[in-house]
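Novice: Below is a structure I'd like to ask you about.
The values are calculated or read from the model by the stated rules, or taken from the named source; none is laboratory data. From a predicted model like this one, the values you see are computed outputs, not experimental measurements. As a convention, Cβ positions derive from the backbone with ideal geometry for all residues, glycine included, and neighbour counts pool all protein chains shown.
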Amino acid sequence: MKHLFENWRNYLNEDFALEEGKAEDIIKKYPELQAAFDLGVKKPQYLGWLGKRMGDVPVADAVKAVQAFDQAKALLKTKKKNTDIYAYKSIQDLEDVLAAVGPSRGEKEREAEGEAIHLGQFGDWKVEVPLTMKAACQLGKGTDWCIARTKAANLFMRYVEQPNMVLIILTRKGVDSKEDPTAKLNVGFKESSPVFERVPGILGGVTVDAANEGLTEERLKEILGQQYQPIMRAMQAQVDKMGGVHPARAEFEKRRAEEDRLRAIKQAKFEKRKAEVEALALDGAKNMDLHQEYTANFRGTHKWFEIYTKKVVQSDPIPEVVDSILEDWRALPATVVFALAENPRTDPEILDRLFEKTQGPGGSALAVSIASNPNASPEVLTLLSTVGDSLTRSKVAKHKSTPLEVLVALIDDISWHVVERLAQRGDLPKSIAMRLADHESAMVRRWLAWGTRRHTPEVLIKLASDEDERVRREVAQHLNAPLEALKILVKDPEPRVRALAGEHHNWTMLGRAQLGASDLYKRIFKEELEAALREKKRRNL
């Protein structure tokens, strides 16, 4: 265990500046970089930087940024920008500096053309299918399209990831789309057919002009004029050739698979480290010296300190360790506080101290946890009975340690849900049970009939005459329904209640006789009883 802790401490104190070494050594430390290596990042310096700075950025995007940085070093130098990759803290920093010294407009256009399918020139109209978000942004420049945004959420991938969706951009030569919105159009195809969904007064859709105004087929014909048929044939042919599926969808699926793989690697690393921390917590819970050593090392890392402390309080810690944790209990993470509140071995005094935290944000959930703890003291239950949350008060109503005066007060609670939980108790004093038998809620009276204990038959007798058929039915099914109650129920106006009462094991021959049987029935009963007594006397001789 000591060796395990030393390894963990080395991990926490690891210097962020990774020494340059062989690529295979770096990949061994960061297995997720194997994909970056396969995509062409071979320099240990770059791999080491990616290991620390890549974060949740997809590998393909990170590799692209690093390779672009490497190729732009000369340009960066002329622009007096730092050429040491370790001077940049994230992929976004790399992309920002590259954008600041980026390619010219002509280079951008040529790059975009390489990421788009050119369907042809039709008069003044140029027709293209963007294959990437970058191409969509370049070709859609000067429009209000969500697929062309550069400073807000771009939805290009959201569209092309949909099954059977293809977007095609039409640009009129020599006309500014900011002045004439019809100079740039986006036509969407879904399931191999053009989509026209214009809703008057509402912007948006997949077939729109530069101002994001939806287009009908008639409006598109009007804008394209004689070029409408040739352009539509070319677009339809391309969509059919693609099988109605945008090529970027395959790239999207590949990227998503890569992100899932990296997420799984990251989660596996986290679970491994979490298991190591929890293993230390098991020892720390029983040994004060170890606990002090571990907390000193974990305190600087909030996540691991929280995981460690939560596991300690769940592991039946010794009193000294508990006192140490509670020294600064107001600063404890919420998960640790809840672990204390939910642990059935937590000392009642600690639960009393935790009550103060129920007054802050998230206090209602904590109050429920304290009220549900079997170790909650009568004092804290009394305080919890006055909180505004009815779920907490319902837990108080059921708790075995709730004082009698609190139970009495809960009879008149504004929430019937609370009173129902009170009525379910099998240990209610007779005085409280009789008051509940007059409660205006039939559901309360029904739960009372269900929960009434054996030595309060008066409650069941009273409920046998209840106005609600469901309450009387509950009495008829009660295991300890007294004979007096059954006498009432066998004459109930509801057939189902009468049947249940008549089949009850307490409804004996004596009960039927007392109800008023015929003289013949009484004589038979008397003869059978006398015969039974004679037989008993004979056996005793």
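Novice: Does any residue of the range 128-146 turn out to be surrounded by fewer than 19 Cβ atoms within 10 Å (Cβ to Cβ), β-branched (Val, Ile, Thr) and under 30 Å from Glu95 (Cβ atoms)?
Specialist: No: the range 128-146 contains no residue that is surrounded by fewer than 19 Cβ atoms within 10 Å (Cβ to Cβ), β-branched (Val, Ile, Thr) and under 30 Å from Glu95 (Cβ atoms).
Novice: Sticking with this structure for a sec: Could you check how many residues of the range 240-269 are exposed (fewer than 12 other Cβ atoms within 10 Å of the Cβ), part of a helix (DSSP H, G or I) and not charged (D, E, K, R)?
Specialist: Residues flagged as exposed (fewer than 12 other Cβ atoms within 10 Å of the Cβ), part of a helix (DSSP H, G or I) and not charged (D, E, K, R) within the range 240-269 amount to 5.
Novice: Ok, one more. Looking at (1) touching a strand residue (DSSP E or B) at 6+ places or on another chain (Cβ under 6 Å); (2) over 22 Å from Lys141 (Cα atoms); (3) modelled with pLDDT of 90 or more, which is the only condition Lys190 fails?
Specialist: If we test Lys190 against (1) touching a strand residue (DSSP E or B) at 6+ places or on another chain (Cβ under 6 Å); (2) over 22 Å from Lys141 (Cα atoms); (3) modelled with pLDDT of 90 or more, just (3) comes out false.
Novice: Continuing with the same structure: Tell me whether the range 46-62 contains one or more residues that are modelled with pLDDT of 85 or more and part of a loop (DSSP other than H, G, I, E, B).
Specialist: No - not one qualifying residue is present in the range 46-62.
Novice: Can you tell me which residue within the range 352-383, out of those that are over 26 Å from the mean Cα position of the chain (by Cα) and farther than 17 Å from Leu340 by Cα, is surrounded by the most Cβ atoms within 10 Å (Cβ to Cβ)?
Specialist: Filtering the range 352-383 for residues that are over 26 Å from the mean Cα position of the chain (by Cα) and farther than 17 Å from Leu340 by Cα, the one surrounded by the most Cβ atoms within 10 Å (Cβ to Cβ) comes out as Leu383.
Novice: Identify all residues within the range 385-404 that are crowded, with 23+ Cβ neighbours inside 10 Å and under 15 Å from Thr358 (Cβ atoms); write none if there are none.
Specialist: Ser385, Thr392, Arg393, Lys395, Val396
Novice: Name the residues in the range 63-92 that are surrounded by 14 or more Cβ atoms within 10 Å (Cβ to Cβ), more than 43 Å from the chain's Cα centre (by Cα) and assigned to a helix (DSSP H, G or I), would you?
Specialist: Leu75, Leu76
Novice: Would you check if there is a residue in the range 194-210 being closer than 19 Å to Gly123 by Cβ and either in contact (Cβ under 8 Å) with a residue 12 or more places away in the chain or within 40 Å of the chain's Cα centre (by Cα) (or both)?
Specialist: Checked the range 194-210: at least one residue is closer than 19 Å to Gly123 by Cβ and either in contact (Cβ under 8 Å) with a residue 12 or more places away in the chain or within 40 Å of the chain's Cα centre (by Cα) (or both).
Novice: Need a quick list: helices (runs of 4 or more DSSP H) entirely within the range 299-362 having at least 3 residues that are under 16 Å from Ala281 (Cβ atoms).
Specialist: Where helices (runs of 4 or more DSSP H) fall fully within the range 299-362 and carry at least 3 residues being under 16 Å from Ala281 (Cβ atoms), they are 302-313, 319-326, 334-342.
Novice: Out of all the residues in the range 485-506, which are small (Gly, Ala, Ser) and either under 15 Å from Leu460 (Cα atoms) or surrounded by 19 or more Cβ atoms within 10 Å (Cβ to Cβ) (or both)?
Specialist: If the condition is that a residue be small (Gly, Ala, Ser) and either under 15 Å from Leu460 (Cα atoms) or surrounded by 19 or more Cβ atoms within 10 Å (Cβ to Cβ) (or both), then Ala485, Ala501 are the ones that fit.
Novice: Inside the range 452-474, can you point out the residues that are surrounded by 22 or more Cβ atoms within 10 Å (Cβ to Cβ) and in a helix (DSSP H, G or I)?
Specialist: Within the range 452-474, Val459, Leu460, Leu463, Val471, Arg472, Glu474 qualify.
Novice: Specify which of the listed residues (Val408, Val418) is of a type in the set (A, V, I, L, M) and crowded, with 21+ Cβ neighbours inside 10 Å.
Specialist: Val418
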